[in-house]
Amino acid sequence: MLTLACALRTSGPYPPSVLLFTLSNALAGDPLSFVTELRCVACGKNWPIRVPYTCPACGVTGILDVLYDYRAIRRSLTRRALASRADFSHWRYRELLPLSARSVLPHLQVGWSPLSETVALARHLGLRSLYIKDDGRNPSGSLKDRASSIAVVRAREKRNPIVACASTGNAASSLAGMAAAMGLRSVIFVPQRAPEPKITQLLIFGATVFRVLGGYDDAFRLSQECCERFGWYNRNCAINPYLVEGKKTVSLEIAEQLQWNVPDWVAMSVGDGCSIAAAWKAFRELKLLGLIERTPRMLGVQAAGAAPITTAFRSGKPLWPVVPQTIADSIAVGVPRNWQKAVLAIRESGGTMLNVADGEILDAMGYTGQLAGIFAEPAAAASIAGLKRAVAEDIVPKRARAVAVVTGSGLKDIRAAQTAVSKPFDVSPDGHELDQILHDRQLV
Ligand SMILES: *Cc1c(COP(=O)(O)O)cnc(C)c1O
């Protein structure tokens, strides 16, 4: 395979994967398949796309990164081409996704979630300008739909009728929903403390659900074993290189929705680490393709009780697993598999990581709802809590333009939300208590 060094080379320790143009299999065949090869994040070796999951040389620690023919993509994915595309979903970026011309897509609308400027919330955080990218508005209520939609497309292409994953909740409900939309069956492993609403969502979508009497890491291991044993299509982002490609589209949308004027900072919460790594990969790709002039800094936010990636980021040492302890279940990951990708991505962006306490997360759920009308689940509100702290600590300057990604809807876990708010006022049908309460609340 012929490789040409890229002219837009940027500095940084990130593996040189996206720094290479590769002469394509796109030119040689399927016009929509711009994927050229897979590169191991650990050893740097390239592999052909028929390698199904992790690096054959490194085994499970060898997470693969998908490489594209950027030279060919550059010709077809222009600002003008995008402006004329009527498909307002994440499939509008098909060149940067592992799809072929034959790909059958689910009918659910994934992506193109609203990006709205929130003046009152910006003021509360002390920022000049703040946008919320509300990914709670995806079909199953979280950013995970971006990845799961890719999983079901790939499973179907491989004629695999059963898809499986382990998840603290959102990846699972999302996979189950997407599988239902595609006529596939799903088998899901959840940890014991997965919130009831997320489990209910799974069951509604017809999944076979195994609640593992242990933590996420136990559920992960069991699902791995079963995928190997029974040949199910594996939707675990730590294993399957294609899924994170779907998560890239959140940044592609942010850039396009801001008319290609990227923000100074993008804040996202971090659990396993693949979402923020994917979000950064997209900004790199946009710069490489000449669609944006500069890239934002990434702010990775972890919950203080589950922050092994922040620790690794700060110390420069390998990851030390922790026992997670936080109300933000979607980022309660003690043994993150994609920590290295996340650390490299955030560092390369010129960004940083910080932790927020559960109390700050609950506060953020409250003021985000009150000031912006957006209901974020705890793991999603963590990004806003992190941004608030970053402004207070002068990490993010007050004059900055920032985007916070709300990765999941608050309706997924109302038990956590209930602790963030007060109770309703119980009044009798004749309403004789009303006047006093309205007066106390300064509503009259
Ligand atoms: C999965 C998830 C995250 C974090 O993504 P990782 O890839 O695990 O870092 C954040 N918020 C929500 C709501 C999620 O479901």
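What follows is calculated from the coordinates using simple rules that are stated; it is not laboratory data. From a predicted model like this one, the values you see are computed outputs, not experimental measurements. In this analysis, Cβ positions are derived from the backbone assuming ideal geometry, glycine residues included, and neighbour counts consider all displayed protein chains.
Could you tell me whether VAL110 is within 30 Å of GLY366 (Cβ to Cβ) and either in contact (Cβ under 8 Å) with a residue 12 or more places away in the chain or in a loop (DSSP other than H, G, I, E, B) (or both)?
Details: within 30 Å of GLY366 (Cβ to Cβ): yes; either in contact (Cβ under 8 Å) with a residue 12 or more places away in the chain or in a loop (DSSP other than H, G, I, E, B) (or both): yes.
Against the criterion (within 30 Å of GLY366 (Cβ to Cβ) and either in contact (Cβ under 8 Å) with a residue 12 or more places away in the chain or in a loop (DSSP other than H, G, I, E, B) (or both)), VAL110 qualifies.
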Problem set entry | the range 287-312, subset over 23 Å from ALA400 (Cα atoms) and not small (Gly, Ala, Ser), residue nearest to the ligand (Cβ to nearest atom) | ILE309
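Would you confirm, using the coordinates I've provided, whether LEU97 is under 19 Å from the mean Cα position of the chain (by Cα) and within 19 Å of ILE374 (Cβ to Cβ)?
Numbers: under 19 Å from the mean Cα position of the chain (by Cα): yes; within 19 Å of ILE374 (Cβ to Cβ): no.
When the stated conditions are applied, LEU97 does not pass them.
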For this session: State which residue is surrounded by the most Cβ atoms within 10 Å (Cβ to Cβ) when the search covers only the range 355-387 and only residues that are within 16 Å of the ligand (Cβ to nearest atom) and hydroxyl-bearing (Ser, Thr, Tyr).
Result: SER383
Problem set entry | Residue among LEU289, LEU203 that alone is among the aliphatic types (A, V, I, L, M), farther than 27 Å from PHE88 by Cα and surrounded by fewer than 24 Cβ atoms within 10 Å (Cβ to Cβ) | LEU203
Problem set entry | Given (1) surrounded by fewer than 23 Cβ atoms within 10 Å (Cβ to Cβ); (2) part of a helix (DSSP H, G or I), number of the condition ARG294 does not satisfy | (2)
For this session: Would you be able to say whether some residue in the range 388-403 is touching a residue at least 40 places away in the same chain (Cβ under 8 Å), within 13 Å of the ligand (Cβ to nearest atom) and either under 29 Å from GLY215 (Cβ atoms) or touching a helix residue (DSSP H, G or I) at 6+ places or on another chain (Cβ under 8 Å) (or both)?
Result: no
Exercise. When you scan the range 76-92, how many residues do you find that are touching a residue at least 40 places away in the same chain (Cβ under 8 Å), in a helix (DSSP H, G or I) and hydroxyl-bearing (Ser, Thr, Tyr)?
Worked result: 0
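If a residue has to be in contact (Cβ under 8 Å) with a residue 60 or more places away in the chain and outside any loop (DSSP other than H, G, I, E, B) to count, how many in the range 146-172 make the cut?
First, the residues of the range 146-172 that are in contact (Cβ under 8 Å) with a residue 60 or more places away in the chain: 146-151, 154-155, 158, 160, 162-166, 168-171.
Within this subset, residues satisfying the condition of being outside any loop (DSSP other than H, G, I, E, B) are 146-151, 154-155, 162-166, 170-171.
Qualifying residue count, the range 146-172: 15.
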Problem set entry | Residue satisfying condition, being surrounded by fewer than 23 Cβ atoms within 10 Å (Cβ to Cβ), away from the ligand (no atom under 16 Å from the Cβ) and part of a helix (DSSP H, G or I), within set GLU228, GLU253 | GLU228
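Among the listed residues ARG221, ARG211, which satisfies the condition of being surrounded by fewer than 24 Cβ atoms within 10 Å (Cβ to Cβ) and in a helix (DSSP H, G or I)? Spell out the reasoning first.
Details: ARG211 fails: in a helix (DSSP H, G or I).
Of ARG221, ARG211, the one residue that is surrounded by fewer than 24 Cβ atoms within 10 Å (Cβ to Cβ) and in a helix (DSSP H, G or I) is ARG221.
Restricting to the range 311-342, name every residue that is in a helix (DSSP H, G or I) and within 17 Å of the chain's Cα centre (by Cα).
Here is the first cut: in the range 311-342, the residues in a helix (DSSP H, G or I) are 311-315, 329-331, 339-342.
Passing the criteria: ASP329, SER330, ILE331, TRP339, GLN340, LYS341, ALA342.
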For this session: For LEU371, state whether it is part of a helix (DSSP H, G or I) and either touching a helix residue (DSSP H, G or I) at 6+ places or on another chain (Cβ under 9 Å) or not aliphatic (A, V, I, L, M) (or both).
Result: yes
For this session: For the range 266-286, enumerate the residues that are under 25 Å from MET365 (Cβ atoms), within 8 Å of the ligand (Cβ to nearest atom) and assigned to a helix (DSSP H, G or I).
Result: CYS274, SER275, ILE276, ALA278
For this session: Mind listing whichever residues of the range 391-439 are charged (D, E, K, R), in a loop (DSSP other than H, G, I, E, B) and under 30 Å from ALA279 (Cα atoms)?
Result: GLU393, ASP394, LYS398, ARG399, ASP413
